[in-house]
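In what follows, a single structure is set out as structure tokens and then discussed.
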Amino acid sequence: MHLSILVSACAVVSVQSFTVAPSVHRRPSPFSLSSAPSLNNQQEFQETSEVTNKKSWKDDGFVFGLSDSGLQRPKGKVAMTVVDGDSLETKPYQVVLVLSTLFGHAAFFMNAMMGIWAQQNYQLGPAALQTTSLTLASWVLADLGSGILHWSVDNYGNGRTPIMGGIIAAFQGHHSAPWTITQRGFCNNVYKLCLPFGLAPVTLLTWLGAGPQTILFATTFCVLEILSQEFHKWSHMLGSETPGWVNRLQALGLTVSRKTHGLHHLAPYEGNYSIISGVTNRILDQTGFFRRLEHLIYRWNGVEANAWKLDAELKERTLRGDYSLRKG
Ligand SMILES: *[C@@H]1O[C@H](CO)[C@@H](O)[C@H](O)[C@H]1NC(C)=O
Ligand SMILES: [Zn+2]
Ligand SMILES: [Zn+2]
């Protein structure tokens, strides 16, 4: 079970690396007027023609935050959407998708809880203990999963990558406009994650004959991955802007703290990727986990992580096999 989640996380990463690999080699040109004919939006076309060296987030090799990306990080708390077609307005389809996904997961969770209760011969104590420990274990593994997912979408792929494109553009664009997320309503903020973490994986597990423990673990994992964007949003808000219960969750360490996530937002965005509780950040960063993966991917298909493009020294150190945290 734990293995299957890790395997699927790795699959996401490898699929992305595969899809980026050919394009990086194909079009090294820093100017990308070649993308103009494919634009179907008149306004976009005009913008592109006006500023000839302005890149689009759909271009191959585009990295938010590189000096020629044409997208400067605004000063102060400015909300702006940097990805075409994105909007801060909550649409009815987003509400339907999010509510049906969460209700479905709740049904799976309740059903699994009843299953565990029955297995324990309807003794409340052991059933509650098992349910609680599985939920907490899933909380920790989901944090690890959120870190790996966040690292992979920050560093690889772009808005055109199959399946993950929307999530990739949203995550990478977030570095250019970090306050935009605080203006999003709940459903607008989390709906994109309902696709990979919707009911399909738990339905498949049920169909494969998984027991109630596995289902409870998996459904908690998926719900937390969906909620990770909301936890992330809270970490960008002031204590006075979030309700008291949110501040208590953060203080308990159940959701990622403002301080920890703030440290992710320093270019080249190379650490503190986990955004559920943040409990796995220290071990992931101190072991050089992501530098090792980036080095492996580079040796395998020549694709460089975005963090390397933003920080030549980080790239040079990683290529030397020095995976330690930046000094000083
Ligand atoms: C991550 O956050 C910790 C503090 O929680 C900080 O000491 C560390 O430098 C950060 N690491 C990176 C790579 O941003
Ligand atoms: Zn990021
Ligand atoms: Zn953030």
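Values in this text are rule-based calculations from the coordinates and carry no lab data. As the structure is a computational prediction, the values presented were derived from the model and not from experiment. Here the Cβ is made from the backbone with ideal geometry for all residues, glycine too, and neighbour counts use every protein chain on show.
Taking every alpha-carbon pair under 8 Å whose residues sit at least 6 apart, the range 89-319 reaches a relative contact order of 25 percent.
Using the Cβ-Cβ distance between Leu266 and Ala312 with R0 set to 22 Å, the FRET efficiency works out to roughly 0.85. With the convex hull constructed from alpha-carbon coordinates only, the range 193-328 shows a mean projected area of 11.0 nm² over all directions. For the range 100-236, the percent of C-alpha pairs falling in each 10 Å distance bin, counted from 0 to the bin holding the largest distance, reads 12, 37, 31, 15, 5, 0. Going by a ≥ b ≥ c, the root eigenvalues of the Cα gyration tensor, does the range 89-319 fall in the rounded group (a/c under 1.5), the prolate group (a/b larger than b/c) or the oblate group? Judged from the Cα gyration tensor, the range 89-319 comes out prolate (a/c at least 1.5, a/b above b/c). The length gained on full extension between Ile163 and Asp322, counted as 0.36 nm times the residue separation minus their Cα-Cα distance, comes to 53.9 nm. Volume per residue of the convex hull around the Cα atoms, evaluated for the range 270-314, comes out as 78 Å³. Distance from the C-alpha centroid of the range 101-144 to that of the range 277-328: 36 Å, rounded to the whole angstrom. Fully extending the segment from Ser133 to Trp300, taken as 0.36 nm per residue of separation minus the present Cα-Cα distance, adds 56.3 nm.
Of the chymotrypsin sites (Phe, Trp or Tyr not before Pro) in the range 101-174, the ones in a loop by DSSP (not H, G, I, E or B) with at most 10 other beta carbons within 10 Å are Tyr122.
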